[in-house]
Each structure stands twice: as C-alpha cells, then as structure tokens.
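Undergrad: Sharing a structure with you now.
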Amino acid sequence: MPLIEIHLRRGTGAEFRRAVSRALHQAMVDVLAIPEDDQFHVFHEVAPGNLVIQPVAFGRPRGERVLFIRLSFNVRDAGVKAELFRAIVGNLRDVAGVPEDDVLLTVVETAAENWWASGRTVDPATGYDARMTAGSTGSAGS
Amino acid sequence: MPLIEIHLRRGTGAEFRRAVSRALHQAMVDVLAIPEDDQFHVFHEVAPGNLVIQPVAFGRPRGERVLFIRLSFNVRDAGVKAELFRAIVGNLRDVAGVPEDDVLLTVVETAAENWWASGRTVDPATGYDARMTAGSTGSAGS
Amino acid sequence: MPLIEIHLRRGTGAEFRRAVSRALHQAMVDVLAIPEDDQFHVFHEVAPGNLVIQPVAFGRPRGERVLFIRLSFNVRDAGVKAELFRAIVGNLRDVAGVPEDDVLLTVVETAAENWWASGRTVDPATGYDARMTAGSTGSAGS
C-alpha cells in the first residue's frame, strides 16, 4: 500500500500525468512485486516559482520542469531501492518522455503496520499485504 | 506536535473539511493523549485526475472521493497505531460522514527531537511535550 | 540531496517565498554543510481554512500565517538538528521577516541510499554526496 507523491509545475497535460503515473506504477509492480490494485498516487501541481532548484545541480542543468517524486513504502534492501530507481527513470523516459535530468527521487520507509485501508488483508507473520509473495525483492511488502 | 496532511479532491465544502479535522484531532487526543492545542493539519485539495487510485482496491470500490491521510508523529507501539486507525475511521464516519472505504491512512514516525515550535516545553527525559502524561498509549509523545 | 516542503497560506508574494527559500537554504549549508547546489524546495500554497491550527498553541498566539516546514534528509545527531532549527528560525526572522511564533519545523530522516538524481556522485563508504566533507556536523550527508 505504497503512497507516491509527484510534485511538479502547473501546466502539464492530464495525459502526461497519466503517463507518469503508469510509468511509476509499472516500476513498483515489476520491482517491488506489489499487487496491481495497490496504486495510490497524488500529483501536487504548484505555481511558477514554487519548485525551487538551482539551474545546475550535480553538474546537470535543471529547471522547473523537474519532477520531485517521493515514494513511501515499507523497508526494502538498498539494492532493491537502487533497482527501483533504475526502473522508474527508464519507465519515465520510455512511457512519459521525461529525461533523466528531470527526475528527482526520494523514499520514506515506514514500519509494516503503518498503513490502513478497508478490505486490506495483512499476513500476520510479515505485516504486509497477504497477497504478496516473498520473492526476489528483498523485504517484501507494503 | 504531530503533523497531519489530508489529500483530497477539490470541491468539498469548508464545513466538511472542518469536520474531517475535528474527527482526526479527537482521535489523536483520545488515543495518543496529545494536548488539545497540539493540532497541526494541512489539507491539500487537488484537481480532478490528481488522486490516482484503482477503481477497486483490496476488493472494495474506490474513487476520487477518497481521503489519503498521512499522520506524522513520534514512534508508537503497533497496537496504539491500530487503535488510532480504528478511532479515526470511526470518527470520520460519525463526525464527517466519510465511509470507511474512502479512508486511506499512513503514518510516518520520527525521532522525538525532530520537532520545533516556539514555546514548546519538552520533557528532557523523553523528548516529548512536557505536558503529556505517559498513560496507556504506548510510547507517549510528539 | 535534502527535500524541503513549505506549507503556507495563499496570498504571500513571490519575493517573500524566495526569501524564505534563501533563509532555509543558508541554514542547511551552514549547519549541515550541504553543497550550494543541493537545494530542492517545494512551496505548497493552500486556500484559507486549509492550514488548521489552534489560536494558541504552546502558550503562543498562532494563525494561518504560520509556515509548516518539513525537512527531509539523512540521519543527523540530535544536537545538529537543534542547531539547524536555531539557524532556520534566526534566518527566517532576519532574511524573510518571519516571527518565530509563525515557524513550525519537523524533520523526516531517511537512509542514505534513499535518494536519486542524475549526476549525483555518492561516496561508497558513507552513501552521501561525495563532495561533502565530514566536518563538525554529526553524521554528514544527504
């Protein structure tokens, strides 16, 4: 039951935002093995000037076209998070046409029990969604 | 000094949002024993399409009427968080008329020292608001 | 690569928000020793009524003029965070004219590997930006 927030400038099209959402969700399903219905995204569209970034950061040109993306889910191994970042950056490029210099990612991890939704069935042994299989994704769940 | 963010669609009324806020705060006071003045809520009203959710999630119908609610406070026991979730869902139904299928909750916990406001007096032994009593609420504070 | 979010009422001027951003960034550079280009801020301007706070909290008068500021970065010592809070409150007063009663701060800490941006070079020993020096700032990085 991860929550993803996308902070971006006002003025993009609805189709672009839908493509961003699809790109993110596919990476989450592929890498974290979350269920297909486990998609909870919020887009925060902000006015000009409300995304503050230096014109060059880490040696690359930046601007208000960037997407600040915060993903929140249960604890995962560092390797799994690195794989997720690669998948997101690749999908955003392929599905939504976002160059990698416009992608900024951060993850906030929480304890397994820090989520609630009606109808959600949790594996008592892991605290994660009972439909998830503990696969090759490190600490599964959320 | 918890922070609560409510992400919801544009178009609800101010009275509805006030009722949501009261429902959340009462649950925080009742279950976490926070002081009455310790209420810090932000409503993020987003445009149509900017809350992305599957039409059915965890076997229940969903839609853009959902409230994504993120609560941030100091570490609590899992049992206390479960009790808080029950209180919030009940209060949102009773006070604001929100059906439980429209409620999505997540908690981000922080270290006790991760808060600042003028005038706040912290118990040096716990790092929490000095007015709080360590009651039946697990790790008190925040 | 910290992320800072500022939640505030609608109706402030762009110059005020730029001053707030400068005040925050200078404190981050001075206390956490982050690189100058490591500035990622988002302003969330919300409608009247959408910042909910009691008229008096912790014995001080409050109102919708408050700034709820959330900082997210890697783990730091408690003393470093306290120093950062002092620097932010001082800078906001001196640079942006914000009285201390209007400042509310919280920090969300994450693992060092929880960040991604193109071009960012990470010290494999620490997981932090390779340009940072481990100075007097407690656990450096992010």
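The values are calculated or read from the model by the stated rules, or taken from the named source; none is laboratory data. The shown structure was predicted, so the numbers you read here are calculated from the model rather than taken from an experiment. All Cβ positions, glycine included, derive from the backbone under ideal geometry; neighbour counts span all protein chains shown.
Undergrad: Output the residue which, of all residues in the stretch A:42-51 that are touching a helix residue (DSSP H, G or I) at 6+ places or on another chain (Cβ under 9 Å) and surrounded by 21 or more Cβ atoms within 10 Å (Cβ to Cβ), is farthest from A:Ile6 (Cα to Cα).
TA: Of everything passing the filter in the stretch A:42-51, A:Asn50 is farthest from A:Ile6 (Cα to Cα).
Undergrad: Within the stretch A:87-115, which residues are in a helix (DSSP H, G or I) and farther than 20 Å from C:Leu3 by Cβ?
TA: At the first step, the residues of the stretch A:87-115 found to be in a helix (DSSP H, G or I) are A:87-96, A:100-102.
Within the stretch A:87-115, A:Ala87, A:Gly90, A:Asn91, A:Arg93, A:Asp94, A:Val95, A:Ala96 qualify.
Undergrad: Follow-up. Within the stretch A:92-112, does at least one residue satisfy the condition of being within 14 Å of chain B (Cβ to nearest Cβ) and more than 25 Å from B:Val66 (Cβ to Cβ)?
TA: Looking through the stretch A:92-112, none of the residues is within 14 Å of chain B (Cβ to nearest Cβ) and more than 25 Å from B:Val66 (Cβ to Cβ).
Undergrad: Mind checking which residues of the stretch A:36-56 are at the interface with chain C (Cβ under 9 Å from one of its Cβ atoms), in a loop (DSSP other than H, G, I, E, B) and under 18 Å from the mean Cα position of the chain (by Cα)?
TA: Selection gives nothing.
Undergrad: Return the pairs, sorted by first residue and then second, in which the second residue is in a helix (DSSP H, G or I) and of a type in the set (A, V, I, L, M), the first residue lies in the stretch C:28-40 and is more than 15 Å from A:Gly59 (Cβ to Cβ), the beta carbons are less than 7 Å apart, and the residues are 6+ apart or on different chains.
TA: Pairs found: C:Asp30/C:Ala87; C:Val31/C:Val80; C:Val31/C:Leu84; C:Val31/C:Ala87; C:Leu32/C:Leu84; C:Ile34/C:Met28.
Undergrad: Kindly provide the set of residues from the stretch A:1-12 that are without any contact (Cβ under 8 Å) to a residue 40 or more places away in the chain and either at the interface with chain B (Cβ under 10 Å from one of its Cβ atoms) or over 20 Å from A:Asn50 (Cα atoms) (or both), ordered by number. Before you say what the answer is, go through the steps one by one.
TA: We begin by selecting, within the stretch A:1-12, every residue without any contact (Cβ under 8 Å) to a residue 40 or more places away in the chain; these are A:10-12.
Answer for the stretch A:1-12, where residues must be without any contact (Cβ under 8 Å) to a residue 40 or more places away in the chain and either at the interface with chain B (Cβ under 10 Å from one of its Cβ atoms) or over 20 Å from A:Asn50 (Cα atoms) (or both): just A:Arg10.
Undergrad: Now for a separate question. Give just the number: which of (1) within 12 Å of chain A (Cβ to nearest Cβ); (2) among the hydroxyl-bearing types (Ser, Thr, Tyr); (3) touching an Asp or Glu at 6+ places or on another chain (Cβ under 8 Å) does B:Ser118 not satisfy?
TA: The number of the failed condition is (1).
Undergrad: Name, by its number, the condition in (1) in contact with a helix residue (DSSP H, G or I) (Cβ under 9 Å, 6 or more places away or on another chain); (2) touching a residue at least 12 places away in the same chain (Cβ under 8 Å); (3) over 22 Å from A:Asp38 (Cβ atoms) that does not hold for B:Val89.
TA: Exception for B:Val89: condition (3).
The rows are residues; the columns are (1) over 13 Å from B:Ala117 (Cβ atoms); (2) touching a Gly at 6+ places or on another chain (Cβ under 6 Å); (3) among the charged types (D, E, K, R); (4) modelled with pLDDT of 95 or more.
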{"site": "C:Val29", "(1), (2), (3), (4)": "yes, no, no, yes"}
{"site": "C:Leu32", "(1), (2), (3), (4)": "yes, no, no, yes"}
{"site": "C:Asp38", "(1), (2), (3), (4)": "yes, no, yes, yes"}
{"site": "C:Glu45", "(1), (2), (3), (4)": "yes, no, yes, yes"}
{"site": "C:Gly79", "(1), (2), (3), (4)": "yes, no, no, yes"}
{"site": "C:Leu84", "(1), (2), (3), (4)": "yes, no, no, yes"}
{"site": "C:Val89", "(1), (2), (3), (4)": "no, no, no, yes"}
{"site": "C:Val95", "(1), (2), (3), (4)": "yes, no, no, yes"}
{"site": "C:Val103", "(1), (2), (3), (4)": "no, no, no, yes"}
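Every residue, every condition in (1) surrounded by 21 or more Cβ atoms within 10 Å (Cβ to Cβ); (2) in contact (Cβ under 8 Å) with a residue 24 or more places away in the chain, yes or no:
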site	(1), (2)
B:Phe58	no, no
B:Ala78	no, no
B:Asp94	no, yes
B:Val98	yes, yes
B:Arg120	no, yes
B:Asp123	no, no
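Undergrad: Are any residues in the stretch B:121-131 within 11 Å of chain C (Cβ to nearest Cβ), closer than 15 Å to B:Pro2 by Cβ and in a loop (DSSP other than H, G, I, E, B), and if so, which ones?
TA: Of the residues in the stretch B:121-131, the ones within 11 Å of chain C (Cβ to nearest Cβ) are B:121-122, B:127, B:129-131.
Still in the list and also closer than 15 Å to B:Pro2 by Cβ: B:122, B:127, B:129, B:131.
Passing the criteria: B:Gly127, B:Arg131.
Undergrad: Please indicate, with yes or no, whether at least one residue in the stretch A:97-119 is small (Gly, Ala, Ser) and farther than 16 Å from B:Ala82 by Cα. So that I can check it myself, show each step before the final result.
TA: Pass one, the stretch A:97-119, residues small (Gly, Ala, Ser): A:97, A:111-112, A:117-119.
Pick out the ones that are also farther than 16 Å from B:Ala82 by Cα and you get A:97.
There is at least one residue in the stretch A:97-119 that is small (Gly, Ala, Ser) and farther than 16 Å from B:Ala82 by Cα.
Undergrad: I need a count of the residues in the stretch A:84-100 that are β-branched (Val, Ile, Thr) and under 11 Å from the mean Cα position of the chain (by Cα).
TA: Final tally of qualifying residues: 2.
Undergrad: Right, another one. Taking the criterion of being modelled with pLDDT of 95 or more and within 30 Å of B:Val56 (Cβ to Cβ), would at least one residue in the stretch A:51-62 satisfy it?
TA: No, that holds for no residue.
Undergrad: Specify which of the listed residues (B:Val95, B:Val108) is in contact with a strand residue (DSSP E or B) (Cβ under 7 Å, 6 or more places away or on another chain), on the phi < 0 side of the Ramachandran plot and not polar (S, T, N, Q).
TA: Working: B:Val95 fails: in contact with a strand residue (DSSP E or B) (Cβ under 7 Å, 6 or more places away or on another chain).
Selected residue: B:Val108, the only one of B:Val95, B:Val108 that is in contact with a strand residue (DSSP E or B) (Cβ under 7 Å, 6 or more places away or on another chain), on the phi < 0 side of the Ramachandran plot and not polar (S, T, N, Q).
Undergrad: Ok, one more. Suppose we keep only residues that are facing chain A (nearest Cβ under 9 Å), of a type in the set (A, V, I, L, M) and not in a strand (DSSP E or B) within the stretch B:57-83. Which one would you say is nearest to the chain's Cα centre (by Cα)?
TA: B:Ala82
Undergrad: Related question: Quick check, is C:Glu15 in a loop (DSSP other than H, G, I, E, B), out of contact with any Leu (no Cβ under 7 Å at 6 or more places or on another chain) and without any contact (Cβ under 8 Å) to a residue 60 or more places away in the chain?
TA: Details: in a loop (DSSP other than H, G, I, E, B): no; out of contact with any Leu (no Cβ under 7 Å at 6 or more places or on another chain): yes; without any contact (Cβ under 8 Å) to a residue 60 or more places away in the chain: yes.
Taking the combined requirement at face value, the residue does not satisfy it.
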